[in-house]
Structures are given as C-alpha cells and as structure tokens.
Amino acid sequence: MTLQVSFDQEAASLHSSIDRARDSLKSAQHADGHWCFELEADCTIPSEYILMMHFMDELDEELQAKLAVYIRARQNEEGGWPLYYAGETDISCTVKAYYALKLAGDSTEALHMKRAREVVLARGGAARANVFTRIMLAQFRQIPWRGVPFVPVEIMLLPKWFFFNVDRVSYWSRTVMVPLFILTSLRAHAKNPSRTGIQELFVTPPEEERNYFPVRSARNRMYLLLEQSARRLQALIPSATRERALRKAEAWVIERLNGEEGLGAIFPAMVNAYEALAALGYPAGHPFRATAKHALRKLLVVREDDAYCQPCVSPVWDTALACHALLEAGQKDDPEVGRALDWMAPLQVREWGDWAVQRPDVKPGGWAFQYRNDHYPDLDDTAAVAWAMERADRERYAEEIDLAADWLRDLQSRDGGFAAFDADNNNYHLNEIPFADHGALLDPPTADVSARVVTLLGRLGRDEDREALAECLKYLEQAQDDAGPWWGRWGTNYIYGTWSVMTGLNEAGYDMASEPSARAARWLKETQRTDGGWGETNDTYREDAPDSEVIRSGNHGSNAFQTAWALLALLEGGEADCPEVERGIQYLIDQQTDDGLWDDPWFTAPGFPRVFYLKYHGYNKYFPLWALARYRNLRSPTPSAEA
C-alpha cells in the first residue's frame, strides 16, 4: 500500500510538472501561431552596434546609454569580457567593449576601464585581436591597413575553378565577406565625429607593429607570402577592373538584402552591408539604406534599464522545437501545434538559393532559421520542421514533407554526412588563409545536423532515401568519439551531439542495444552530476577529448536544457528504467520554477566553436518539457500521448 501511494505521488508530480510547463510554453505563443524567444550573444554584438553608430555618425544617445549599461554589467572579475557566461576573457571582445564604452563617454580613468586596459595590455595589446577586430580598428584609423588581410573586391571576379572564391566558403562567411570586400577596397573610414581613439590599448605603436599576422602553420605561411605579394601588386589593378568588381559585389549584396530581415539575416553581414551601401554612395534616405537600417534595429532588445542586440532571430527553430515538446506532451490535434505548423508551412523556401551553386539540379524545399532568409535555408531547421509535421499530420503536410526530404537527401555530402547550409563545403585548406584566423570559414558536415536528417528520413521510411540513410549511418558511426559521445557543432556540446545522434539512430531503426549506442549511454551516465542533472560548459570546445570527469565537475552546475538532452538521449537508447534517468527526471521536477519553467544563465550553443557563442532563451522552456513528457510516455503511455 505504501509503495502504491509513493508511486501515485511521483506520477502526480510528473503530470503536474508537465502540465505547468506546457501551459507556460503555450502562453508564450504569438497570436499568429509562432514562437520566437530572445537569442543572446556575448558583448561583441552590442559593442559593434555602438561602433556602427559612430562609424555612420548616426548616434542614438539613449540607445547607446542602455547598450553601455548592458556591456558594463558583463565585465568579468578579471576585468575583461568573455564569449559566454563564466568563460575566460577574450581579447577581441574586450577591445571592442572597451572602445564602445569609451565612445559612449566612459572615462579611461574609471576603474572598469583601467581593469580592461590592463587585461588587453597583458595579452599583447589590441594588435593581438582577431582579424575582424583589426578591420574595425583600421576603419577607425587606429592601425594601418597593412594590419588587416588583403581582401580586394576583385575576388568577386575569380573563376569558379580557382582555389578560392566566395562560393567555396560557408554562407555566413560569404555574406560577411562580400560587403567587407567593398569596405576594405574603398578604404572606408569611420566618420567618428568625436575622433575617439584607443591608442592606450597598444603595447607597440601601431605604425611600428610588424607582427599582425603570426604564422599558424606551414600552409598558413605560404598563404601569408602569397597575400603579401598580391598586396604589393594592388596598385597595378586597372581602374576598370576594380569598378567592374565593385559593381558585381554591389549587385550581389543588393540581390540578397532580404528586405527587413537583412543580408543573410545575421548581424555581422547586415552591419557590413549597411556600411557598404553608404560607402558606395547610397544616401541615407535611399530605400536600400533605410531598409537595411530598419533590419538592424529589429534585432535590438530594449528594456527599461539596458539594451542589447541579438545576432539574429530564431522563430522557425523555436517554433519547430516547441511543436515537438507539445506533441510529446499532448495530443496530435492540439490547436496550438496546428496553428504553429500552419504558420511554418508557407515559409518553406521554394526558390533556388546559393546552395544550388554546388547542386544546381536539386529542387528546393528547405526552411530558414529566421523569419525570412530565402537564399539560405538550412538543413537543421528543415529536418526539424518536416519532422514535426510528420509527427502531427503526415497526410495534411505531405507536399511540404516530401519536398523537404528530397532537398535534404540531395544535399548529402560525399562523405555521407550533412552540413548546415551547403554540400561539400569542406575546403579545409582555406581555414589557413590570413582572413580565416577564426577557423570558421567553412560549413562541413557535422554529426548533429546529419542526425537530424536521419531522424526525418528514418521516420518517413521512403525507398528512395535508403542509400542516403545507409551512407549517413556509416558517417555517424565513424564520427563517434572513442569515449562514446558525439561532438555537437550547433549545441553545447557532447551532450547535445549525443542526444541528436541517439534520436536519429533510434528513428532510423538502428539496433539501440549495439555497441555504439551502449557506449554513448555509458558515457552519459558517467557524466551525470551528483544532483541528478547534467551540465557542460562551452569550455569543452577547447578540449581534445570529451573527458567525463571534466564535464561532470566543470565550472558550473547542472542546468535544465542539458539535463533534458541527456535524458532524451538515454530514453532513445532504451534506458527509461535506469536509475540515472529517474534521478534526472527528479532534478527537472525539483528545479521547475513557479511559472512552470526553468532558470538557466548558461550559454547553450556555439555560433562558431571557440569564437562565438549563443544563448537560446527558449531552450529552458521546451527541452525540459519534451524530456519529461517523453519519459512519461515511455513509462506509462496513454492514448492521448504522441509517443
């Protein structure tokens, strides 16, 4: 009798937790059916917004003051600015934050500015910042142009067979680079009406600096020599050739301005495009400039006391994942899910985009991450949306699902995996060019995206997908780390990658009792923390191996969204009855707040590992719900649950 009471109490607690989380998630749905939660990055982006206003001489003093409040509040104990919560100081982010605050009026003698200056100087000064930061410094006349890579606009004229052209790099790289070609070739300088500089951040006077490009490898040395030779010959470029290249770059940018969503729908590309339009002579009132400026302002999150700028927005991703959580927690005919899917259906991109350069015969059918980004739908969102549609009503959304599945399958790379935006975008030697000191120039296949595609194709079970599925399963087997997990490119990190792959394997009918799955489950159990949860910091992107002890005892505690990923992975691996899962479920129940959600300060994903990180504010709202409901459905399935 006592055991039955205890079981009933536990079940009631679980059901109550699910109901509260579901109600809270539904309450955040927009009237038209979609969800869009804030997407936060480090202080680089709000700092760049202040720098942009001074570059263009378009200062909004009230906004600048609020952005400065946000930046100051995120300075770390050392005095610098990190790339993610509780991370180490990043010199490039710190240089930009310092410059932005000085432009905003902060005294160099203020304590926070002194501490930041000491941090930068201790790391060799602002000349040691990354390429993008040095380009900004050259534009603000803080370093000579020889301190930035030679990226002439004539790159636009290079033939397709050449070892380097804009189609050989990732979508995010080309949308950032093309307007940058215009800015650097025109030597566009910031208006900077206050003439504010940061010479105090340099160890060696900029005009005497000779080490802007430290050699990273033998191949990098070769590219440096090639770049130096090309730089010396730039005076020989005929003016007609330069003009032709400028016009081609201008046309490329204008074709992809993307209305109020902006070039590439990502802040770095959008701000470069805005400044490039001005450099090309477009007046402030021109529709192109006005729309580009409005697109940038739409990224702002302005609150009563502070403000920050998002790197982009995530409505399709948020909506797809919220649908999955609600499908797991309720009925297929849930009206909120129906409205969400109907909102996403017409957003399917049915026009050819840049991905078609590599695969011109592939019929379009993807979804973008943002409200609109027609040149750049991505495979991850496409698989997630079509998967939700298949779960909810395969017959109703048959056309959208089949178009998406065909597009995904036909963008498979030669190694069997799937990348985020393109096929076979893996010219790794290009990461050695001087411009690519961030190491994120390319878009190669990754385990997490590949697994999402496998999840959809596996559920559909179409004959035409069998070969692609088999090849991708081989790719995933080879991508597994010896310790058991999979590396996560678009979520932090091994826990995210392992959840993604375990889900895909199960949906594809893989033997979940086999060694790859069992090894992954063992690793997840080993990384569980003493409180029952899981937590992995972005520091693991700096490690060479997924050390379970490092993850279990890292510099922050458990959190709800990574606990949910670990639980979902174990549940897909057939571990619903193991004690680790029971403890993880209890952790989520115990950590749930009064509003039915979970508090998490942690950054949840890399934009680019080791370079740029993100916090998806929706992850602690739908992933824990998904995990709790999945556990309930596997332990005690009911007719109303979509298992």
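For L263, the conditions (1) more than 27 Å from the chain's Cα centre (by Cα); (2) buried (at least 24 other Cβ atoms within 10 Å of the Cβ) are fulfilled apart from (1).
Of the listed requirements (1) of a type in the set (A, V, I, L, M); (2) part of a helix (DSSP H, G or I); (3) under 18 Å from the mean Cα position of the chain (by Cα), A440 misses just one: (2). Just one of the listed residues (R115, R123) is over 21 Å from V611 (Cα atoms) and either over 25 Å from the mean Cα position of the chain (by Cα) or small (G, A, S) (or both), namely R115.
Just the residues that are among the aliphatic types (A, V, I, L, M), closer than 30 Å to A392 by Cα and assigned to a loop (DSSP other than H, G, I, E, B), please, taken from segment 297-325. Break it down stepwise before answering.
Step one: list which residues in segment 297-325 are among the aliphatic types (A, V, I, L, M), which gives 299-302, 307, 313, 316, 320-322, 325.
Subset that is closer than 30 Å to A392 by Cα: 313, 316, 320-322, 325.
V313, the sole residue that qualifies.
Of everything listed in (1) free of Cβ contacts under 8 Å to residues at least 60 places away in the same chain; (2) over 26 Å from F421 (Cα atoms); (3) buried (at least 16 other Cβ atoms within 10 Å of the Cβ); (4) not hydrophobic (A, V, I, L, M, F, W, C), the single unmet condition for N165 is (2).
Does segment 606-624 include one or more residues that are in a helix (DSSP H, G or I), modelled with pLDDT of 95 or more, surrounded by 22 or more Cβ atoms within 10 Å (Cβ to Cβ) and of a type in the set (D, E, K, R)? Yes, segment 606-624 contains at least one residue that is in a helix (DSSP H, G or I), modelled with pLDDT of 95 or more, surrounded by 22 or more Cβ atoms within 10 Å (Cβ to Cβ) and of a type in the set (D, E, K, R). When A65 is tested against (1) over 20 Å from R117 (Cβ atoms); (2) crowded, with 17+ Cβ neighbours inside 10 Å, just one condition goes unmet, and that condition is (2).
Being part of a helix (DSSP H, G or I), at pLDDT 95 or above and of a type outside the set (D, E, K, R), is that true of even one residue in segment 538-560? Can you show your working first?
Looking only at segment 538-560, we keep the residues that are part of a helix (DSSP H, G or I), and these are 538-542, 548-552, 560.
In the following step, the residues that additionally are at pLDDT 95 or above were identified as 560.
Filter again for of a type outside the set (D, E, K, R), leaving 560.
Scanning segment 538-560, I find at least one residue that is part of a helix (DSSP H, G or I), at pLDDT 95 or above and of a type outside the set (D, E, K, R), so the answer is yes.
Go over the candidates L403, L408, L456, L430 one by one and state the one that is touching a residue at least 40 places away in the same chain (Cβ under 8 Å), assigned to a helix (DSSP H, G or I) and within 15 Å of A508 (Cα to Cα).
Values: L403 fails: within 15 Å of A508 (Cα to Cα); L408 fails: within 15 Å of A508 (Cα to Cα); L430 fails: within 15 Å of A508 (Cα to Cα).
Just one listed residue meets the conditions, L456.
Filtering segment 254-277 to residues that are more than 24 Å from L39 (Cβ to Cβ) and either β-branched (V, I, T) or modelled with pLDDT under 95 (or both) leaves only I254.
Pull up segment 222-239, narrow it to residues that are more than 15 Å from S185 (Cβ to Cβ) and within 34 Å of the chain's Cα centre (by Cα), then point me to the one that is surrounded by the fewest Cβ atoms within 10 Å (Cβ to Cβ). Looking at the filtered set, the residue picked out is L225. A392 meets the stated requirement of being over 21 Å from D361 (Cα atoms), out of contact with any Phe, Trp or Tyr (no Cβ under 9 Å at 6 or more places or on another chain) and among the small types (G, A, S).
Within segment 135-162, the set of residues being farther than 21 Å from Q234 by Cα, crowded, with 16+ Cβ neighbours inside 10 Å and either over 27 Å from the mean Cα position of the chain (by Cα) or of a type in the set (S, T, Y) (or both) comprises F140, Q142.
Within segment 248-295, being touching a Phe, Trp or Tyr at 6+ places or on another chain (Cβ under 6 Å), in a helix (DSSP H, G or I) and not charged (D, E, K, R) holds for A249, L277, F288, A292. Within the set T175, T184, the sole residue that is of a type in the set (S, T, N, Q), assigned to a helix (DSSP H, G or I) and farther than 27 Å from A235 by Cβ turns out to be T175.
Note on segment 1-116: enclosed helices (runs of 4 or more DSSP H) holding 2 or more residues that are among the small types (G, A, S) and either more than 19 Å from C312 (Cα to Cα) or without any contact (Cβ under 8 Å) to a residue 40 or more places away in the chain (or both) are 2-27, 61-73, 91-103.
For S170, are the conditions met, namely being more than 29 Å from the chain's Cα centre (by Cα) and of a type in the set (S, T, Y)? When the stated conditions are applied, S170 does not pass them. The number of residues in segment 349-373 being outside any helix (DSSP H, G or I) and out of contact with any Pro (no Cβ under 9 Å at 6 or more places or on another chain) comes to 8.
The values are calculated or read from the model by the stated rules, or taken from the named source; none is laboratory data. These figures come from a predicted structure and were not determined experimentally. Here Cβ is always computed from backbone atoms with ideal geometry, including for glycine, and neighbour counts include all displayed protein chains.
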